[in-house]
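Some notes on the structure that comes next.
The values are calculated or read from the model by the stated rules, or taken from the named source; none is laboratory data. From a predicted model like this one, the values you see are computed outputs, not experimental measurements. Here the Cβ is made from the backbone with ideal geometry for all residues, glycine too, and neighbour counts use every protein chain on show.
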Amino acid sequence: MKVSDKKFYWKELQSNECLCGDYKNPGKSFCYWCYGRLPKEMKNALYQQIGNGYEEALDDAVKYLGLNEVNASFSS
Ligand SMILES: [Zn+2]
């Protein structure tokens with residue numbers, strides 16, 4: 001995954017579509033099911049601010065979940 005644009009993370013966070021394609025609440029990183037599959041430390045890492053570790057936390061979580069359609073869904 002090669003995403004270096006902060007706007008991607010804002011978009012992903014504010015979207016109502018999880019990277020897996022399911023509905024998620026805007027403001028959450030993932031849907032209920034994806035989030036539930038993450039280890040505790042990855043969940044905690046997602047509470048960091050964008051620009052202060054969130055990007056790395058999201059990237060790690062996406063890799064862990066095996067979600068790879070990131071660029072297709074959110075590139076503009
Ligand atoms: Zn999901």
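Within the stretch 4-20, restricting attention to residues that are within 15 Å of the ligand (Cβ to nearest atom) and assigned to a loop (DSSP other than H, G, I, E, B), which residue is surrounded by the fewest Cβ atoms within 10 Å (Cβ to Cβ)?
If we take residues in the stretch 4-20 being within 15 Å of the ligand (Cβ to nearest atom) and assigned to a loop (DSSP other than H, G, I, E, B), then 16 is surrounded by the fewest Cβ atoms within 10 Å (Cβ to Cβ).
Quick check on my filter: what residues within the stretch 37-48 are under 19 Å from residue 9 (Cβ atoms) and either touching a residue at least 24 places away in the same chain (Cβ under 8 Å) or in contact with a strand residue (DSSP E or B) (Cβ under 9 Å, 6 or more places away or on another chain) (or both)?
Passing the criteria: only 38.
Against the condition surrounded by 13 or more Cβ atoms within 10 Å (Cβ to Cβ) and not small (Gly, Ala, Ser), how does residue 23 come out, does it pass?
So residue 23 does not fit the description; no.
Return only the number of the condition from (1) within 10 Å of the ligand (Cβ to nearest atom); (2) modelled with pLDDT under 95; (3) under 17 Å from residue 6 (Cβ atoms) that residue 73 does not satisfy.
Of the numbered conditions (1) within 10 Å of the ligand (Cβ to nearest atom); (2) modelled with pLDDT under 95; (3) under 17 Å from residue 6 (Cβ atoms), the odd one out for residue 73 is (1).
If the Cβ limit is 6 Å and pairs must be 6+ apart or interchain, which residue in the stretch 7-36 that is small (Gly, Ala, Ser) pairs with which residue that is part of a loop (DSSP other than H, G, I, E, B) and surrounded by 13 or more Cβ atoms within 10 Å (Cβ to Cβ)?
Within 6 Å, the pairs are 29/46.
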